[in-house]
Amino acid sequence: AVRGTPGSRNVPATRYADVGGMEDTIALVREAVELPITHPEIFKRLKIRPHKGILFYGPPGTGKTLLARAVAHESGAHFIAVSGPEILNKFWGQSEAKLRSIFAEAKAKSPSIILFDEIDSFASSRDMMSESFEATLVSQLLSLMDGMSDLGRVCVIATTNRPEALDPALRRPGRFDHEIEIGLPDRNARHHILKIHTRGMPLADDLDLEAVAALTRDYSGADLEALCREAALVCMRRSLNLQDYTRRFSSHQLAALSITAYDF
Ligand code: ATP
């Protein structure tokens, strides 16, 4: 969901309240991304340079993209999401022009946040690809970042599951020089995420979400969202006498997350 009309600024609708179990991470991100946008004068007064680029790293489905959208919303920033694989494949032959136009748009509509999702898809270590097309793209990205002058008004966030595979040049000062780890949620965090994803669902009176959190060790936020959805589908199939074919989650987990809606 996007606020505004096409051609105008694109501010995502996601809020911090939609991001579960990441209070400490949200605090880091507010300071690194939101504050330079909303209170540039503080940074000027203290003579500290806001970060140009921030790397979110951690396993898939842990809310990296979600958090980037949320900080854009809370800062009122224009949000441009770029998928690494897409820039490489869909814009093949025009990737460099596309990169330039992304930075130009960010500047024109600032404050802005550019998100490079899965940056490792085109910015893994250049030694491995020598003179390849990807190497050219990385150089171009670096030179665009080096040329950014409106510090704090435009912030670039990149996400990766494999920080160690990234071209080291990307992680130098003045580039992606601030790294924030986004790991798998612990039990309390899972409880919080489950609350978010069952918001508004007709839950059984005796439902114990803490017990579900305990049963879902090693689940990412995306897995928990899928579990909530699946539990609701099980409820629907039961109500409509449809066959239940799902095998993704254990019956134990699904039974624990009991959703009752026999009245639709
Ligand atoms: P990838 O590395 O695969 O791109 P990601 O870390 O960017 O994954 P997201 O795309 O942000 O993960 O998460 C996918 C979905 O999972 C989100 O849209 C959201 O619905 C749910 N989700 C993930 N983490 C959380 C969280 N901490 N709180 C609430 N929902 C979450």
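The values are calculated or read from the model by the stated rules, or taken from the named source; none is laboratory data. Remember, it's a predicted structure, so these values are computed and weren't measured experimentally. All Cβ positions, even for glycine, are placed from backbone atoms using ideal geometry, and neighbour counts span all protein chains on display. All accessible areas refer to the heavy atoms of the entire protein, side chains included, with ligands and DNA or RNA removed. Shrake-Rupley method; radii C 1.70, N 1.55, O 1.52, S 1.80 Å.
Numerical summary
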quantity: G58 vs. criteria at pLDDT 90 or above and within 14 Å of the chain's Cα centre (by Cα); calculated: yes
quantity: Among (1) closer than 28 Å to R30 by Cβ; (2) free of Cβ contacts under 8 Å to residues at least 60 places away in the same chain, the one test that T159 misses; calculated: (2)
quantity: Cβ-Cβ under 9 Å pairs, at least 6 apart or on other chains, segment 24-39 side in contact (Cβ under 8 Å) with a residue 40 or more places away in the chain, far side open to solvent by 60 Å² or more (accessible area, probe 1.4 Å) and part of a helix (DSSP H, G or I); calculated: R30/E74; E34/E74; P36/I42
quantity: Segment 30-57, subset open to solvent by less than 10 Å² (accessible area, probe 1.4 Å), under 23 Å from I193 (Cβ atoms) and not in a helix (DSSP H, G or I), residue nearest to the ligand (Cβ to nearest atom); calculated: F56
quantity: Test set (1) touching a Cys at 6+ places or on another chain (Cβ under 7 Å); (2) modelled with pLDDT under 95; (3) not charged (D, E, K, R) - S121 fails condition number; calculated: (1)
quantity: Filter pass, S110 being free of Cβ contacts under 8 Å to residues at least 12 places away in the same chain and either under 21 Å from the mean Cα position of the chain (by Cα) or open to solvent by 40 Å² or more (accessible area, probe 1.4 Å) (or both); calculated: no
quantity: Sole residue being within 11 Å of the ligand (Cβ to nearest atom), open to solvent by 30 Å² or more (accessible area, probe 1.4 Å) and not basic (K, R), chosen from E118, E96, E86; calculated: E118
quantity: Hey, D223 of a type in the set (D, E, K, R) and within 13 Å of the ligand (Cβ to nearest atom) or not; calculated: yes
quantity: Whichever residue in segment 164-184 is open to solvent by less than 20 Å² (accessible area, probe 1.4 Å) and not aromatic (F, W, Y) and, among such residues, is farthest from the ligand (Cβ to nearest atom); calculated: G174
quantity: Filter result for E74 (in a helix (DSSP H, G or I), at pLDDT 85 or above and crowded, with 20+ Cβ neighbours inside 10 Å); calculated: yes
quantity: Breaking point among (1) assigned to a helix (DSSP H, G or I); (2) touching a residue at least 60 places away in the same chain (Cβ under 8 Å); (3) near the ligand (Cβ under 9 Å from one of its atoms), for R69; calculated: (2)
